[in-house]
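*Asks:* This is the structure, below, for whatever I ask next.
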Amino acid sequence: MAGYHTFTTDDAMRFADEHSGLFGDHSKLSCEEFGDGNLNLVFRVENDKGTSLIVKQALPYARCVGESWPLTIERARIEAEVLIAHRKLCQQHTVEVLHYDPVQAAILMEDLKDYRILRAELVAGQQYPHLAPQLATYLANTLYYTSDFALTGPNKKQQVGRFLNPELCLITEDLFFTDPYCNHERNNISGEIRSEAQQLWHDEALQAEVAQLKADFLSKPQALLHGDMHSGSIFVNDDNCKVIDAEFGFYGPIGFDVGSLLGNLLLNYLGHFGLTADNSKREQQQNYLLNQIETLWQQFAAQFKQLLSNECREPALQNSLYQQRFMQQILADSLGYAGCELIRRTVGLAQVADFTQITDTTTRSHSERKALQLGRELIMQRHELSSINQLITLLRYLK
């Protein structure tokens, strides 16, 4: 923390001007702090010609709680380096980092002001056909090329150590795998589904499967994950999407990133039972989401398999039967982590607009119950569901 201080808007302007040549000499700069996230300060710095950049600074505590929840500012380094690494592997779908300052825990990056936050767009019923294909490419490239299939053993182990992220991983470990399954004070449970939430606390069979998923999260460093792959970490426009906010990045199970994104698409599908009153429009939107879910997995799996076939550097891992088993395990892991995402967003601390913007409490509880039911089924049946089409069938027949 030596030399660190919390940025003001003037500090953010100086930081952006000093570390970028985009503004030019004698530019008249303005700055606004607009971050609405849980952890950081986010500023937009703009000149009088409309050129703008983003400055993001890590606070030494969780912004949503205050100084009673201290956090390391080292997470800014993790975020910057994950984004830089992922951009090298998938430039078109990763936000560009222009500068990182380790003393101020501050990142200068491109401004995606011509993009929109995916979650808000999906809640509003917008459709982007390019979404799933592009995110499948992002996931396949970033996860494959940071895995044992592409890296040498010593290099991979070095990278695992470089991206250790214990404090933010602990947040995930608690919010995903622990809090929803007990009567924790951080949980946020609406009264209408209190009894369903309580059932989670006494469901020993479910908790055993969640324990296995947590154990894998703790001990399976397969690839460099984004670590927080939800629809609020994705920006989208009519042609492209870009991934942001990688401060939860670390080396973990490949299925966690894939499953987190699948879980968020499923949350939006279930949310539209309350978000869209018109039956025809709701059916159209939900069919779009089913298509995106199917496309996401199919294109991710196809690209990952092609990389396995053509570019695997480790002779022992070139075995085709092993690779088939590996892909089936990724699917099972992805379904399990998607189930965890559904449950934790329904009864845990970090709830989402897909449900909270449903104004009628009875209708909202209908979507929430479906989320808990589907979440449990995905966790419990993840090894029996051998294709993404079986997930879609399961979804269609929810009570």
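The values are calculated or read from the model by the stated rules, or taken from the named source; none is laboratory data. Since the model is a prediction, treat every value here as computed from it, not as a measurement. For neighbour counting, all protein chains shown are included, and Cβ atoms are generated from backbone atoms with ideal geometry for every residue, glycine included. When the accessible area is computed, the model is the full protein with side chains, heavy atoms only, and any ligands, DNA or RNA have been set aside. Shrake-Rupley method; radii C 1.70, N 1.55, O 1.52, S 1.80 Å.
*Asks:* Which label belongs to the value computed from this structure, given these candidates for Kirkwood radius over Cα pairs in Å: (i) 21.9; (ii) 26.5; (iii) 22.9?
*Replies:* Structure-derived value, by its label: (i).
*Asks:* In nanometres, what is the gap between the two model label sites at Ser309 and Ser20, each 7 Å from Cα along Cα-to-Cβ?
*Replies:* In this crude label model, Ser309 to Ser20 measures out at 4.2 nm.
*Asks:* Let me check against my output: what whole-number percent is the relative contact order of region 206-347, with C-alpha pairs under 8 Å and at least 6 apart? Walk me through the numbers on the way to the answer.
*Replies:* Values: 143 pairs, mean separation 41.5, N = 142.
It comes to 29 percent, rounded to a whole number.
*Asks:* Further question on the same structure: Can you give me the distance in nm between label points at Glu33 and Lys220, each placed 7 Å from the Cα along the Cα-to-Cβ direction?
*Replies:* It is 4.1 nm.
*Asks:* Find how much the distance from Glu185 to His383 grows on full extension, using 0.36 nm per residue of separation minus their present alpha carbon separation; answer in nm with one decimal. Spell out each step's value before the answer.
*Replies:* Details: separation 198, 0.36 × 198 = 71.28 nm, distance 3.23 nm.
Computed gain between Glu185 and His383 is 68.1 nm.
*Asks:* With the full set of protein chains in place, find how many percent of the accessible area of region 92-137 is carbon and sulfur; take the probe as 1.4 Å.
*Replies:* Carbon plus sulfur share of accessible area: 51 percent.
*Asks:* Quick query: amide H of Leu225 versus all other amide H atoms, modeled in the peptide plane; which residues come in under 5 Å with a sequence gap of 5 or more or a different chain?
*Replies:* Phe250, Tyr251, Gly252
*Asks:* Count the lysine pairs in the chain whose Cα atoms lie under 17 Å apart, taking only pairs 8 or more positions apart in sequence or on different chains.
*Replies:* The result is 10.
*Asks:* Collect residues whose amide H, placed 1.01 Å from N in the peptide plane, falls under 5 Å from the amide H of Leu98; neighbours closer than 5 in sequence don't count.
*Replies:* Correct list: Leu108, Met109, Glu110.
*Asks:* Gain in length, Thr356 to Tyr322, computed as 0.36 nm per residue apart minus the alpha-carbon separation, to one decimal in nm?
*Replies:* On the way: separation 34, 0.36 × 34 = 12.24 nm, distance 4.31 nm.
Computed gain between Thr356 and Tyr322 is 7.9 nm.
*Asks:* Going highest first, how would you order 245-252, 292-299 by mean Cβ packing within 10 Å? List each step's numbers first, then the result.
*Replies:* On the way: 245-252: 25.0, 292-299: 20.1.
Result, highest mean first: 245-252, 292-299.
*Asks:* Which of Gly259, Leu308, Tyr288 sits farthest toward the positive end of the charge dipole of region 184-324, with +1 on the Cβ of Lys and Arg and -1 on the Cβ of Asp and Glu?
*Replies:* Farthest along the dipole direction, towards plus: Leu308.
*Asks:* Length gain on complete extension for the stretch Gln284 to Leu164, per 0.36 nm per residue less the alpha carbon to alpha carbon distance? Display every interim value, and only then the final one.
*Replies:* Working: separation 120, 0.36 × 120 = 43.20 nm, distance 4.26 nm.
Result for the pair: 38.9 nm of gain on full extension.
*Asks:* Can I ask one more? Quote the convex hull volume per residue of region 104-161, based on C-alpha atoms, as a whole number of Å³. Can you show the working numbers first?
*Replies:* Details: hull volume 8.9 nm³, N = 58.
Enclosed volume per residue, from the Cα hull, is 153 Å³.
*Asks:* Here's something else I'd like to know. In whole Hz, what ³J(HN,Hα) sequence does region 274-289 give by Karplus (6.51, -1.76, 1.60; θ = phi - 60°), x for Gly and Pro?
*Replies:* x, 7, 10, 6, 6, 4, 5, 5, 5, 4, 5, 5, 5, 5, 4, 5
*Asks:* Moving on. Suppose R0 equals 22 Å; then what is the FRET efficiency for Arg396 and Ala277 from their Cβ-Cβ distance, rounded to the nearest 0.05? Let's see the in-between values first.
*Replies:* Details: r = 20 Å, r/R0 = 0.93.
Once the sixth-power term is evaluated, E becomes 0.60.
*Asks:* Something else about it: Let me have the relative contact order for the chain, percent, based on Cα pairs under 8 Å that are six or more residues apart. Could you put the intermediate results ahead of the total?
*Replies:* Working: 671 pairs, mean separation 68.1, N = 399.
Computed value for the chain: 17 percent relative contact order.
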